[in-house]
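Each value in this text was obtained by applying a stated rule to the coordinates, not by laboratory testing. This structure is a prediction, so every number in the text was calculated from the model and none was measured. Cβ sites come from the backbone with ideal geometry, for glycine too, and all protein chains shown count toward neighbours.
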Amino acid sequence: MTDAITIQDDGRRAALEAAEAKALAMFDAIEAAGLIAAGRSNREIASVLFIAPKTASVHVSNILAKLGAASRTEAAAIAHREGLAAEPSAR
């Protein structure tokens with residue numbers, strides 16, 4: 001009986017950890033949108049968010065795709081227009 005409880009708890013823990021990781025990635029992407037609008041480079045975004053430059057690059061690419069923007073400049077304009085361009089919060 002104890003083994004079944006442990007397995008179930010492990011499943012819940014794994015699901016919680018996965019949800020937490022997804023929420024953190026979403027938070028990083030939202031923060032990255034503000035940094036793009038502020039004219040920051042991928043390296044600067046990575047530094048501010050404490051993530052790898054490659055991860056910042058992926059966030060930027062995803063943001064461009066979601067906004068339907070062809071460039072960082074266009075993404076910044078959309079972010080400003082839509083109110084997404086607030087200066088990112090401190091961690």
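Here is how the numbers come out for the structure above:
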quantity: Length-normalised contact order of segment 24-91 in % [C-alpha pairs under 8 Å, at least 6 apart]; calculated: 43 percent
quantity: Size of charge dipole - segment 24-91 - debye, nearest 20, with Cβ of Lys, Arg +1 and Asp, Glu -1, no other charges; calculated: 140 debye
